[in-house]
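Asker: One structure follows; several queries about it will come next.
Where a number appears in this text, it was derived from the coordinates with a stated rule and is not lab data. Bear in mind the structure is a predicted one, so any value in this text is a computation, not a measurement. Neighbour counts run over all protein chains shown; Cβ positions are idealised from the backbone, glycine included.
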Amino acid sequence: MTTAGRLRRRRTATRVVRQFAHSRPGVIGLTVLGIFAVVALAAPLIAPIEQLNPVLSRASGNPQWGRPGEFLPLGTDHLRRSVWAQFVWGSRVSLFVGLAATILTMAIGSTMGIVSGFVGGTTDRALMRVTEWFLVIPFLPLAIVLASILGRSIWNVIFVIGVTSWPATARLVRAQVLTVKQRLFVDRARSLGAGSWHLISRHVLPNVSGLILANATLAVPISILTETTLAFLGLGDPSSASWGKTLEEAFVNGAITRNAWWYFLPAGLGILAVVLAFTMIGRTLEEIADPRLGRRP
Amino acid sequence: MRRSISMAMLVLMMVIGPVAGAHDDDEGDTLSLRVGLTQPWTTLNVTAGFTVSEFEIWTLQYEGLTSRAADDFEIIPGLAESWEASDDGLTYTYTLREGLRWSDGEPLTADDIAWTINTSRDQGWTNHISATQNLDAVVVDDRTLQVTSSVPDPKLPEVGAYILPRHIWEEHATDGEAIVGYEALDGVGSGPFVIAEYAQGQFLRMAANDNYWDGRATLDEIVFRIFTNADAMVAALQQGQIDAAHNVPSSSVTTLEGDENIEVVAGLQGGFDEIALNGGEAEGQPHPALLDIEVRKAINHAIDKEAIIEDVWAGQGEPATTISVSADPKWIPDIPESEQFTFDPDRANQILDDAGYVDTDGDGIREMPGGGEPLVLRHAVNSDSTTAQSIADLYVGYLAAIGMRVELSAYDEGQLFDLIVNGDYDSFAWGWVPFVDPDPMLSYFTEAELGNWNDANWFDSRYDELYLEQNQELDEDRRIEIIHEMLRIFYDSAVYIPIAYTPDIQAYRVDRFDGWIRQPADIGPVMFSMSSPSYHALTPVGGGLAGDTSNLLLIVGGGALVIVAGLAVMVSRRKKTADERE
Amino acid sequence: MNLASRQATVDAVPDPPTGGGRARFVGKRAVGALITLGFVLVFNFFLFRVVQSDPVANMFRGRNIPAERLEQLRTEFGIDQPLPTQFVLYLRETSRLNLGISYQSRRPVWQEIQTRMPATVLLVGTSAILSALIGTAAGVAAAWRRNSKTDYSITSSTMVFYSMPDFWLGMLLLMVFAVSLGWFPVGGLVEAGSSATGLERMLSQIHHLVLPAATLTLAYLGEYALVTRSSLLDVMGEDYLTVARAKGLRDTVVRNRHAVPNALLPVVTLAAINFGFVLSGAIAVEALFSWPGLGKATADAIRGPDLPMLQGLFLVFSTAVIIFNLAADIAYTFLDPRVDRT
């Protein structure tokens, strides 16, 4: 049983990798994401954090509102800071918030979905009712209200996104758990007297993990975009400048009337690229996890 | 068919868009001044509101008993043409101008004024009470009024109270609660302009008052328009959709100065911005180092005010020494440069070294004397302010240069206010705009205001004594002396770091109106000043206005509609024939 | 922001009704909607009472106010009552459409919402309709020429619009078309203080509407294009279309008469649900363009914060979603041939 299971899993893994490698959007998405991951991790090397200090920027004679030609590579902002450095360090914050919020979303959503689908009965009905309620509550206003109540910090933003975006995942996972439950081998395992935890960890989780992964990949862009919007509306963390925070500062400090496109173009393009990359990867994974979707692009 | 209609709509938009954008909406023969604002009105009721944009409306609608000269804030006749003080200085007798009328034609008499003063005192109206609390007004005859103060009051003969028409307001003023609920859109006033139309959150139209004592203004109306976004307002000024703008963001100044049709005015009227350190007298817990005046002095020396002004306010503003307490600069004491906290990081480091705050563990951050708690301060960023984030970023940089770390947290104004009252912070940046009389601003730093307006969380018993003294000092020179001493005490405590006397930046189109007046002369703003004398004085440039574009708009719009209708018919017919062919 | 609608996609198609007639199905859904509304009320109340801020003190910063007056105002705003009392009061007053007084404007919240509703409905309605129509058309075109250059460019360009923050797109349009070219006004609903009426006023409004509506339309249409495309691809694989083609019917006929109507079912459902969400979806874009609607009211209410206003807006947004969800369910019973119609 164990050997067979492991073998099956390894075969699945090989199949996923092979299928993924054959999907052009998947490969492009992964490449783009890889580049951003390198940029984020290597931030201290490619753009020393001192470049974000306006006092030092001034001391080293940076121009104010320097155009990309005046100050390489991407110009400067109203406080003479390098826009490139803000872009590089902003990628860290945006990616971190996106991933952390997604992990929280998945943790809540999967737990709800698995418990609901596996336990069934009254628990299921109650949990699904709550999920439905949360689904109708408009997501962005709720996030705004929570963020303005809890205060403006990066952890609060993560928390807010996590607790507002789990219901879709919960429903998806529940549906999948129900399908898995129908399968014969679960019944057989249960008849052999296995405990619930054993069932969940050995049979349910491995079978829904592919879907959770695909769903998670598609949830990251939503988290990143939500963070961006919250930051733009003035609910961002003042000490860690995400891409969204950069957009807000550019807007507030008059980059638009000044035609200072170099201040808000990089951050927006960064968001666009990362969101597209995650979406492409997510769709590819989704197709692999659920072959019925195979006919989609 | 449905699709062809939606396409038609798109075409319509594309056709109208570019053409209409090049023109303004002028209103035929009405001579209209259009002013852009970024701060919406919360109410137009003078007993309820408190924002700058509201005061501007009341200043225009309600003439004061006395007024203030445009040049130097000298008290000049308003509704009263003359007045006389009793020997003890407690009683003033005012003679009103002849034939005063409200804008609705009702006579304006001493009774309206006495009613306003006495009722506001009894009912505690927000904007009147500080001026009228000790006053009692008696009608002698229609044109004669006697006002008596129960204590010596240096503010007289000015009574800082908007005089309201009794025949309109009396029925609403049953008590101090009820009157706040009145919408006050009656548009009955005594000033040069009165409210004519109000669209919540969008605009407010004021019409010239035919019964104004100094004659009807040349302008027919003023339209104040709200912009949520200052950038949008600046662009509207450049495109000629508005004629003047208030609260222009400093970041747009360079852009606007490059436009030959636009004049930018950086009006100083006492406003200043500060970084406030926690003086530690409130309940909460500031960093222990801040309780040491040497540390506060060091922080003062670490800040480059000129750099902040240049980068955050685009050079608009003067480096501040001490706080300012009035729109009139005479109340600010001269502090010799040798006694000022000038920008000098070396000296700041020296002060900290001498006081025993050294970096014992080699992490670049100083610790409390004898080791222990590192100097890591919490700075609160006001998220409702557009400049607070930039100031905070610079503050972090300056304190890093003297071995202190600053951690930022953002709060909206409500939360920040609570935080300050509770004393749970180390510093924040905010600003004040004082009135003409220095008394209110001075009162904020007394012990009595701890937990209320005293956001320095600091007090000094000598300062409090002097405060009471100036409050009743009728000799102005002596009062100035006392106030100078108070401000020196406050400055030397190093608890407030005044960054800049920040101007109210305004801009107007020079191709539209002439006659803008700065108050006070040369340095003040042209609008939103103490008595806003510009509006009544404005005359159109060249006596005329740009051509009426409404017809053009109609022609273009009509043409577009015809084209679109034609297209729609064509598309639907083609579709039909295609269907029939099948 | 179209995030909310993105989330809704997952649940675009309601579970098909099991047994019973349409009336019973609709009735059940209506009861469900009412229960949900009750939950929203409870949630709404407690969410906002978690905050213990003193807005009254904040409102008067910088003014000389006697302490008694502050106390009076606290009583006036009802923030000195114990929680359970406040909850009962809240339910009673909400049922009378009394949503409290805005801290910022001191006017009734419901009145504020009513004043601002038309602007949002105009903007969001225009862009929701345009994006649904254009998006669906693009999706049909892409699916019909699957894997062609047309398909590739439609799919990728809609994906790009779908993936960018909508307000960032708005910033770009604002900079190019309003600030640089000066073709469109930079914000607002209509020329300030304009006394124009009739056609002239309408034209001015359309002129102001173009940029924000274009922003939202571009941001929303991606979802419609993608859903339509995959739905149509599903349908096109089905046998009866092959039969129809075999009968010699021309491609356009097969497409317009047979494939598209069937493929539109999920799109219509998606649209109905989205309409509920988009009411709250334009917060950042309305703020960007100073569009005086509910979204801008939300952005403004963050400052302060104006809790009664946020609470009222939140209730309105949630109610809109519930109503449109119900509408989607009802529409579904009419459109889906599989629903039992006895």
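Asker: Looking only at other chains, what is the average number of their beta-carbon atoms within 10 angstrom of each beta-carbon in C:286-299?
Answerer: Mean number of neighbouring Cβ atoms from other chains: 4.
Asker: Based on the Cα coordinates of segment C:97-170, what is the per residue volume of their convex hull in Å³?
Answerer: Here the figure is 123 Å³ per residue.
Asker: Highest first, please rank the peptides C:311-318, B:264-271, A:137-144 by the mean number of other Cβ atoms sitting within 10 Å of their residues.
Answerer: Taking the mean over residues of other Cβ atoms within 10 Å, the ranking is A:137-144, C:311-318, B:264-271.
Asker: Compute for chain B: radius of gyration divided by Kirkwood radius, i.e. Rg/Rh, restricted to C-alpha atoms, rounded to two decimals.
Answerer: When Rh is taken as the Kirkwood radius, the ratio is 1.05.
Asker: For B:Thr342 and C:Ser180, what is the calculated FRET efficiency with R₀ set at 51 Å and r taken between the beta-carbons, to the nearest 0.05?
Answerer: Calculated transfer efficiency: 0.70.
Asker: Separate question: Straight-line reach from B:Lys155: which aspartates and glutamates fall under 13 Å, measuring Cα to Cα and dropping same-chain residues less than 8 apart?
Answerer: Filter leaves B:Glu74, B:Asp437, B:Asp439, B:Glu473, B:Asp475, B:Glu476.
Asker: Is there a simple number for the mean count of other chain Cβ atoms within 10 Å of the Cβ of residues in B:381-393, and what is it?
Answerer: Shielding by partners across B:381-393 averages 5.
Asker: If you don't mind, there's one more thing I want to ask. Using Cα atoms only, what is the angle between the long axis of helix A:2-22 and the major principal axis of chain A, expressed in degrees (0 to 90) to the nearest 10?
Answerer: Value to nearest ten degrees: 40.
Asker: May I pose another question? Over all residues in B:295-308, what is the mean tally of Cβ atoms on other chains that come within 10 Å of each residue's Cβ?
Answerer: The mean count of partner-chain Cβ atoms within 10 Å per residue comes to 1.
Asker: Relative to the longest principal Cα axis of chain A, at what angle does helix A:121-136 sit, 0 to 90 degrees, rounded to 10?
Answerer: 20
Asker: Compute the helix-to-body angle for A:139-150: its Cα long axis versus the longest principal axis of chain A, expressed 0 to 90° and rounded to tens.
Answerer: 70
Asker: Past 27 Å, Cα to Cα, is the threshold; run A:Lys245/C:Lys149; A:Lys245/B:Lys297; A:Lys245/B:Lys305; B:Lys305/C:Lys296 against it and keep the listed order.
Answerer: Beyond 27 Å between Cα atoms: A:Lys245/C:Lys149; A:Lys245/B:Lys297; B:Lys305/C:Lys296.
Asker: Kindly write out, for segment A:45-50 in residue order, the coupling ³J(HN,Hα) from the Karplus curve 6.51 cos²θ - 1.76 cosθ + 1.60 (θ = phi - 60°), rounded to whole Hz, with x marking Gly and Pro.
Answerer: Values, residue by residue: 7, 8, 8, x, 4, 4 Hz.
Asker: For B:Asp514 and B:Thr254, compute 0.36 nm times the residue count separating them, minus their Cα-Cα distance, and round to one decimal in nm.
Answerer: Gain on stretching B:Asp514 to B:Thr254: 91.3 nm.
Asker: Once you place label points 7 Å from the Cα toward the Cβ at B:Glu183 and A:Ile103, how far apart are they in nm?
Answerer: If labels sit at B:Glu183 and A:Ile103, their model points lie 5.5 nm apart.
Asker: Another question, then. What are the ³J(HN,Hα) values, in whole Hz, obtained from phi via the Karplus relation 6.51 cos²θ - 1.76 cosθ + 1.60 with θ = phi - 60°, for each residue of segment B:369-382 in sequence order, with x given for Gly and Pro?
Answerer: x, x, x, x, 4, x, 7, 10, 9, 9, 10, 8, 9, 7
Asker: Residue-wise, which Karplus ³J(HN,Hα) couplings in Hz belong to segment B:451-468, taking 6.51 cos²θ - 1.76 cosθ + 1.60, θ = phi - 60°, and x for glycine or proline?
Answerer: Each residue of segment B:451-468 in turn: x, 10, 8, 6, 8, 8, 6, 9, 8, 8, 5, 5, 4, 4, 4, 5, 4, 4 Hz.
Asker: Using only Cα atoms, locate the centre of segment C:255-323 and the centre of segment B:252-295, then give the distance between them in Å, rounded to an integer.
Answerer: 39
Asker: Need one number: nm distance between label points at A:Ala13 and C:Lys149, each 7 Å from Cα along Cα→Cβ, rounded to one decimal.
Answerer: Taking the simple label geometry, A:Ala13 and C:Lys149 are separated by 4.4 nm.
Asker: Between B:Val140 and A:Trp197, what is the label-point separation in nm under the 7 Å Cα-to-beta-carbon projection?
Answerer: Inter-label distance under the simple model: 9.5 nm.
Asker: Dividing the alpha-carbon radius of gyration of segment A:1-147 by 2.2 N^0.38 Å (N being the number of residues), what value is obtained?
Answerer: 1.61
Asker: Between B:Gln39 and C:Ile35, what is the FRET efficiency for a Förster distance of 41 Å, r being their Cβ-Cβ separation, to the nearest 0.05?
Answerer: 0.45
Asker: Per 5 Å bin, what is the whole-percent P(r) computed from every C-alpha pair distance within segment B:206-288?
Answerer: Going from the shortest bin to the longest, the percentages are 2, 10, 15, 13, 12, 12, 10, 8, 6, 5, 4, 1, 0.
Asker: Using amide H atoms built in the peptide plane, which far-off residues or other-chain residues are under 5 Å from B:Ala500 H to H?
Answerer: Those lying under 5 Å, H to H, from B:Ala500 are B:Asp273, B:Ala320.
Asker: Which value, in debye to the nearest 20, describes the size of the charge dipole of segment B:122-174 about its Cα centre when Lys and Arg Cβ atoms bear +1, Asp and Glu Cβ atoms bear -1, and nothing else is charged?
Answerer: Roughly 140 debye, rounded to the nearest 20.
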